Amino acid sequence: MMVLTMKDRTWRCLVLLLALVEAASQAWAQVAPPGETAAEIVVMRLTLPDAVAVALAPEGSARIRLAEELVRQAQARADESRSALLPNISASVSDQSVTRNLESYGLGLNLPGLVFPKLVGPFTVFDARATASQSILNLGAIRRFQASQTGVRAAETERDSAQDLVRAEVARAYLEALRAEAVVEAAQSDVDLAEAMLKLASDQKAAGTGTGIEVTRASVQLAAEKQRLLVSRNERASAHLQLLRTMHLSLATRLELAEKLSFVPAEPLTVAQALQVALVERADWQAQQKRAEAARLQLSAARYDRVPAVSLFADYGSIGSFDGKMLPTRAYGIAVQVPVFDGGRVDARRAQSASQQRQEAIRTEDLRAQIELEIRLALDALESAAAQLKTAEEGLVLARNEVAQAERRYRAGASAGLEVTDAQTRLERARENRISALFGCNIARINLAAATGTIRNVIQ
């Protein structure tokens with residue numbers, strides 16, 4: 001009976017672990033998501049502009065559809081306000097059977113020899129009539145219509161702001177997916193390097209210049225790198241699902257990203273320059289300006305409610321017995337309505353409009369401060385990420401050189417395998433640092449574009 005030593009048992013456990021990890025890796029790459037068949041999976045090759053275009057489609061983002069509904073709602077309010085300035089025409093037809101009690105009108109008489117009826121009727125009255133009115137001068141209604149028109153423009157600008165928000169959201173999700181892809185590629189490179197080091201350790205042991213512990217250490221390193229590869233693939237799948245959700249696409253779609261995570265320099269700007277651009281380009285700032293203007297017009301309308309309103313009116317129709325003689329009647333003229341006392345309604349409306357104007361002024365001031373904050377944060381993050389990327393690039397070059405030197409020393413028998421393993425670990429960290437720095441640069445560039453309102457120019 002053969003007795004296994006502790007070293008042999010350790011070696012066999014590691015081999016079994018490597019086999020299980022490899023099988024799981026192949027299964028993850030080949031099996032479709034649960035509940036989906038291969039025929040249901042749609043593969044889409046996607047660039048960042050394509051992703052944004054899909055999200056901005058009419059059936060895309062829910063935020064865009066809601067913004068479109070708000071525009072329609074604002075337009076309906078404007079149409080309602082305009083109705084006060086347009087002619088108002090109505091028609092009526094009535095046919096009545098009437099009886100009247102004369103005593104109720106004070107017409108009852110009791111004279112000697114004379115008998116007056118107390119009730120008159122029934123008799124039939126037919127009336128067909130058309131009435132019309134037209135406002136000539138109503139400054140309050142005019143101001144309210146102007147305010148509603150400004151509200152429509154504000155809603156349209158809010159729709160543009162919603163589109164910019166969707167662009168930034170999709171860009172961030174796309175960058176997250178690119179980062180996940182880069183992490184998978186780096187993890188695969190680490191696995192390839194670990195496999196090469198395991199083969200080298202095995203060859204060294206077979207040649208008599210290495211030891212079993214070197215092979216064991218290389219096997220442990222390979223198992224750890226394969227575990228990282230599995231985790232990174234799962235994170236990539238999660239990033240792809242989040243991107244699909246952001247684009248409002250079926251989660252069964254399989255994505256292939258057509259771009260790679262790379263450095264794209266941003267245009268150098270000072271805080272003052274970026275703020276000046278933002279106050280011209282940002283749609284939410286323009287929308288807030290329009291809302292403040294609408295509030296000012298509403299306050300003006302409330303003040304004009306104290307001014308007399310002038311209107312024309314006309315009435316024409318025929319009245320009489322439907323089966324007898326019909327007599328034409330008419331009335332027309334000009335009316336001047338002078339507000340005297342309305343129970344405080346106008347004063348209350350004026351106070352409400354004044355409060356709304358102050359609220360919009362507060363929102364305008366707060367939004368300007370928020371824009372400046374976003375710009376400063378984005379500029380600081382961009383500067384920091386650029387410095388981190390430069391350091392990470394240098395560190396990656398040094399780590400690769402260290403791995404190459406350690407491998408050469410190990411091949412020559414001048415060092416142990418532990419030196420190679422340590423160099424591999426530092427190379428892995430250097431790759432992660434570079435990916436994080438690249439991602440930080442791109443996110444800061446997107447955030448700066450969103451803060452200045454130029455996101456649509458950045459995504460082309």
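Read-outs throughout are calculated quantities, based only on the coordinates presented, and are distinct from any laboratory measurement. Keep in mind the model is a prediction, meaning the values are calculated, not measured. No Cβ is skipped: glycine too gets one built from the backbone with ideal geometry, and neighbour counts run over all protein chains shown.
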Vicinal HN-Hα couplings computed from phi for the stretch 216-233 (Karplus, 6.51 cos²θ - 1.76 cosθ + 1.60; Hz; Gly/Pro x):
4, 4, 5, 5, 4, 4, 5, 4, 5, 5, 5, 4, 4, 5, 5, 5, 5, 5
Using the alpha-carbon atoms, what tilt in degrees (0 to 90, nearest 10) does helix 139-207 show relative to the longest principal axis of the chain?
10 degrees
In whole angstrom, how far apart do the alpha carbon centroids of the stretch 167-201 and the stretch 396-451 sit?
12 Å
Multiplying the sequence separation of Gln227 and Glu80 by 0.36 nm and subtracting their Cα-Cα distance, what value in nm do you get?
46.4 nm
Give the aspartates and glutamates whose C-alpha is closer than 17 Å to that of Lys118, dropping any in the same chain fewer than 8 places away, or say none.
Glu103
Grab the Cα-Cα distance for Arg400 and Gln73, subtract it from 0.36 nm times how many residues apart they are, and report the gain in nm with one decimal.
111.6 nm
Near the amide H of Leu257, under 5 Å away, which other amide H atoms are found, from residues 5 or more places off or on another chain, if H is placed in the peptide plane?
Leu46
Taking the Cα centre of the stretch 253-296 as origin and charging only Cβ (+1 Lys, Arg; -1 Asp, Glu), how large is the dipole, in debye to the nearest 20?
220 debye
Jot down the radius of gyration and Dmax of the chain, Cα atoms only, both in angstrom.
40.3, 153
Please determine, in degrees from 0 to 90 and to the nearest 10, the orientation of helix 271-281 with respect to the longest principal axis defined by the Cα atoms of the chain, where the helix direction is its Cα long axis.
50 degrees
Ranked list, fewest to most other Cβ atoms within 10 Å of each Cβ, for Asp127, Asp422
Asp422, Asp127
Based on the Cβ-Cβ distance of Ser250 and Asp192, what FRET efficiency does E = 1/(1 + (r/R0)^6) give at R0 = 30 Å, to the nearest 0.05?
0.30
Under a point-charge model restricted to the Cβ atoms of Lys and Arg (+1) and Asp and Glu (-1), what is the dipole moment magnitude of the stretch 340-460 relative to its Cα centre, in debye to the nearest 20?
260 debye
If you take every DSSP beta bridge fully contained in the chain, what fraction is antiparallel? Give it as a percent rounded to 5.
90 percent
Fewest first, what order do His248, His240 take by the number of other Cβ atoms within 10 Å?
His248, His240
Cross-link reach from Lys205 to lysines, straight Cα distance under 25 Å and at least 8 residues apart if same chain, gives Lys7, Lys226
Estimated vicinal HN-Hα couplings, Hz - the stretch 339-352 in sequence order (Karplus 6.51, -1.76, 1.60; Gly, Pro = x)
x, 10, 8, 10, x, x, 5, 5, 5, 5, 5, 5, 5, 5
Return the lysines within reach of Lys260: Cα separation strictly under 19 angstrom, same-chain partners fewer than 8 residues apart disregarded; answer none if there are no such residues.
Lys390
Karplus couplings for the stretch 449-460 from phi (6.51 cos²θ - 1.76 cosθ + 1.60, θ = phi - 60°), rounded to Hz, Gly and Pro as x?
5, 5, 5, 8, x, 10, 4, 5, 7, 6, 9, 9
Test of understanding: given the chain, find the longest segment containing no trypsin sites (Lys or Arg not before Pro) that are in a DSSP loop and have at most 10 other Cβ atoms within 10 Å.
1-259
Where does each of Ser92, Ser436 land when they are ranked from fewest to most other beta-carbon atoms within 10 angstrom?
Ser92, Ser436
Run the dipole for the chain about the Cα centre, Lys and Arg Cβ at +1, Asp and Glu Cβ at -1, nothing else charged, and hand back the magnitude in debye, nearest 20.
780 debye
For the chain, with +1 on Lys and Arg beta carbons and -1 on Asp and Glu, the positive-most of Tyr316, Leu251, Val220 along the dipole:
Tyr316
Charge tally for neighbours of Arg172 with beta carbon under 12 Å away, counting Lys, Arg as +1 and Asp, Glu as -1, is +1
Which residues qualify? For Gly210, with a placed amide H closer than 5 Å and at least 5 residues away or on another chain, they are Lys205
Other residues with Cβ under 13 Å from the Cβ of Val307 give, with Lys and Arg +1 and Asp and Glu -1, a net charge of +3
Chymotrypsin sites (Phe, Trp or Tyr not before Pro) restricted to DSSP loop in the stretch 116-190 with at most 16 other C-beta within 10 Å
none
